[in-house]
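Computed from the coordinates by the stated procedures, all read-outs in this text should not be read as laboratory data. These numbers come from a predicted model, not from an experiment. Cβ placement follows ideal geometry from the backbone for every residue including glycine, while neighbour counts extend to all protein chains displayed.
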Amino acid sequence: MCGIVAAAAERDVVPILISGLKALEYRGYDSAGLSVLSGEELARARTVGKVRELEARLESHPISGMTGIAHTRWATHGVPNEVNAHPHVSIDSVSVVHNGIIENHVALREELKGHGYRFDSDTDTEVIAHLVHHLRKQGMDLRSAVQAAIQRLHGAFAIAVMSRDEPGHVIGARRGSPLVVGIGIGENFLGSDVQALIKVTNQFSYLDEGDLVEITRNSIQVYDLDGNRVERRVHTSELSADAVERGEYRHYMLKEIFEQPRAVADTLEGRIASDRILPNIFGVKSDELLRRVRHVQIVACGTSYHAGMVARYWLEGLAGIPCSIEVASEYRYRQAVVPADSLFLAISQSGETADTLAALREGRQHGYLGSFAICNVPESSLVRESDLVLMTRAGPEIGVASTKAFTTQLAALALLVLELARMNGLAEERYLRLVNDLSTLPRRIADALELAPQIAELAERFVHKHHALFLGRGVNFPVALEGALKLKEISYIHAEGYPAGELKHGPLALVDEDMPVIAVAPNNQLLEKLKSNLEEVRARGGELFVIADDEVRIDSDGVRGALIKVNSGGNLIAPAVFTVPLQLLAYHVAVLRGTDVDQPRNLAKSVTVE
């Protein structure tokens, strides 16, 4: 959600800022802008819409400078327009970009109006610019003014600030939103994430919660929450610029769908050998903690929540461990009762999801055995703040609609569940067989991807639909939810996922010839029950599309719809395999409807505000 890029260099930074903003487009935004110190003046350009609109503005009205800040905005306070776009400037002197939400902005606005400041925008961000300027008037240098200002801000933020009066300096700070420092030669950078800066450096420092940093082209100075100088470790990123390019694919989402066999294989690599899960893959002394677990509390949002729902079925069915799962934004605002010997399990692709992080921090007050993170970003806040971690190794995911994040999360969760099940007495023979099944998941996903031409043809029958119903039973009910989410996210077709057994308790009223019903049919003990649910759809003349295991026999004669067969590879890995055709369906329907597949309207990739 929103994106920040900043640079202090010995060259014109405008191309760097624009390149960084383009790399952050996946996060979702509605306007873009930048400020640079041009000579002795702050020059600013802002536009509504895509970064290409900002590029066009700069082509017709070029600006340049060796110090600058830039931003892509996703509206929270004030409608998307040029006045509300970042950067915001105070008295042509202080320029600020900001991710997050300042909760006390109304009180600060009134206070600053009393000091004679005029507000041009409806944003909460403009108060930061005026507050820093006001503190500068009292004799503070830029760093001290920003340090004092952030002490007065309530809420979540990552900011970058520059001043006309201190050329070559950029101040950054973070609380609740991510910010990284990029380290170059004769130039240094700030960015919302590594991807924004990977074209100019592969050396990064990750700021801790509450950190403030001052960068110039030759220096980086980091200060903690108390204003003390601190050192943050420098990491060499293995991410390449090519990894965030589309290559031969029309959209990032399609590229990421087809990257899933490799991503899942990478997630499993070095963690399974001889049909066994290797020791200590969850961290040093993890066995000691995991053996004590008698209950698991899963907290997540969106697609990660659906992955957690699958894990709940596994935990209770294979490990015999009770499991609760809750949407993070709900968990953090209720009085949770924590059973004895509970593990807090947080799932997040970015590791910066605001609600999930807040739930993790809330959970620390409730006596859990420990916290466990499943995440895709090694230096994210979630990873740094959790006791145990398992990385998903999905690589960059640019498309807003998560695909490989989901399947790699399922692979990681399966590793955890199988190890807990082994510790809790799962029969050796069954354990070995399930681990072997898991090791075949990359191949099963690759086989499912071969259905792409068939799914693309099928998508033509959805183009003019306005609603769709997804059905699943047992562990595949969350798969139905995920399929519905993908379709609604990128095609804007209203879709709902339901447990198939609930069909007659309400949703059946919606079924007619204009309501396509998509069902997932694995070869398991619930198959016959599912067949009965499908007959209910047929009897109402509904258009039925069934994604079925290739061993399932379903009579499709005289039925409106289609039957698609896939080798699901067994009950453990079936949810990940069945998800692939549903991803492809959502993608091809969205392409045919002409929507913005990678950046669907109103959505952001990394939701770093509440």
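Summary table below
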read-out: Of all DSSP beta bridges in the chain, antiparallel share, percent nearest 5; value: 60 percent
read-out: Relative contact order for the chain, counting Cα pairs under 8 Å that sit 6 or more residues apart, in percent; value: 12 percent
read-out: Fraction of alpha-carbon pairs over 13 Å apart in the stretch 271-323 - percent; value: 69 percent
read-out: Where only alpha carbons of the stretch 250-395 are counted, the Rg and the Dmax (Å); value: 15.4, 50
read-out: Lys, Arg +1 and Asp, Glu -1 on Cβ, resulting dipole of the chain about Cα centre, debye, nearest 20; value: 420 debye
read-out: Contour excess over end-to-end distance, with Cα ends at Asn602 and Lys565 and 0.36 nm allotted per residue; value: 9.8 nm
read-out: Amide proton proximity set for Ala394, modelled H, under 5 Å, gap of 5+; value: none
read-out: Value of [θ]222 nm, deg cm²/dmol, for the chain, DSSP H segments ≥ 4, -39500 (n - 2.57) each, nearest 500; value: -10000 deg cm²/dmol
read-out: Sequence-separation-based contact order of the stretch 3-243, relative, with Cα cut under 8 Å and 6+ spacing, percent; value: 20 percent
read-out: Percent breakdown of C-alpha pair distances by 10 Å bin, ordered from the shortest bin, for the chain; value: 3, 17, 25, 24, 17, 10, 3, 0, 0
read-out: Cα Rg, Dmax (largest Cα-Cα span) when computed across the stretch 252-593, Å; value: 19.5, 59
read-out: Set of aspartates and glutamates near Lys137 by C-alpha distance (under 12 Å), chain-local residues within fewer than 8 positions excluded; value: Asp165
read-out: The stretch 149-237: equivalent-ellipsoid semi-axes (sqrt of 5 x gyration tensor eigenvalues, Cα, Å); value: 20, 15, 12
read-out: Among Tyr117, Ala145, Asn104 - extreme Cα towards positive end, dipole of the stretch 92-147, charges at beta-carbon; value: Ala145
read-out: Stokes-Einstein D (µm²/s) once Rh is taken as the Kirkwood radius of the stretch 3-243 over alpha-carbon pairs, at 10 °C in 1.306 mPa s; value: 91 µm²/s
read-out: Leading residue at positive end of dipole, the stretch 227-327 (Cβ point charges), from Ala307, Leu318, Gln260; value: Leu318
read-out: Sites matching trypsin sites (Lys or Arg not before Pro) across the stretch 140-177 that sit in DSSP coil, with at most 15 neighbouring C-beta atoms within 10 Å; value: Arg152
read-out: Burial ranking of peptide ranges 126-138, 403-415 (average Cβ count within 10 Å, highest at the top); value: 403-415, 126-138
read-out: Antiparallel DSSP beta bridges within the stretch 252-593, percent to nearest 5; value: 5 percent
read-out: Charge dipole of the stretch 355-447 about the Cα centre (unit charges at C-beta), most positive-ward option of Val389, Phe406, Ala373; value: Phe406
read-out: Trypsin sites (Lys or Arg not before Pro) within the stretch 202-240, DSSP loop, no more than 11 other Cβ atoms inside 10 Å; value: Arg233
read-out: Nitroxide proxy distance, nm - points 7 Å out along Cα→Cβ at Glu248 and Arg334; value: 4.9 nm
read-out: In the stretch 426-492, the GluC sites (Glu not before Pro) that fall in loop regions by DSSP, at most 12 other Cβ within 10 Å; value: Glu450, Glu460
read-out: Which listed pairs, of Lys50/Lys488; Lys285/Lys486; Lys255/Lys465; Lys199/Lys404, have C-alpha distances above 28 Å, in listed order; value: Lys285/Lys486
read-out: Within the stretch 252-593: Cβ-based charge dipole about Cα centre, in debye rounded to nearest 20 (Lys, Arg +1; Asp, Glu -1); value: 440 debye
read-out: Net length gained if the chain between Arg52 and Gln365 were fully extended (0.36 nm per residue, minus Cα distance); value: 108.1 nm
read-out: Virtual spin-label span in nm between Tyr492 and Glu429, 7 Å along Cα→Cβ; value: 5.6 nm
read-out: Listed peptides 203-211, 309-317, 155-163 by packing density, highest first (mean Cβ within 10 Å); value: 155-163, 309-317, 203-211
read-out: Charge dipole (debye, nearest 20) of the stretch 1-104; +1 at Cβ of Lys and Arg, -1 at Cβ of Asp and Glu; value: 300 debye
read-out: Inter-probe distance in nm under a simple model that places probes 7 Å from Cα toward Cβ, at Asp208 and Thr236; value: 2.5 nm
read-out: Residue-span extension gain [Glu110 to Glu41] - 0.36 nm each, minus C-alpha spacing; value: 22.0 nm
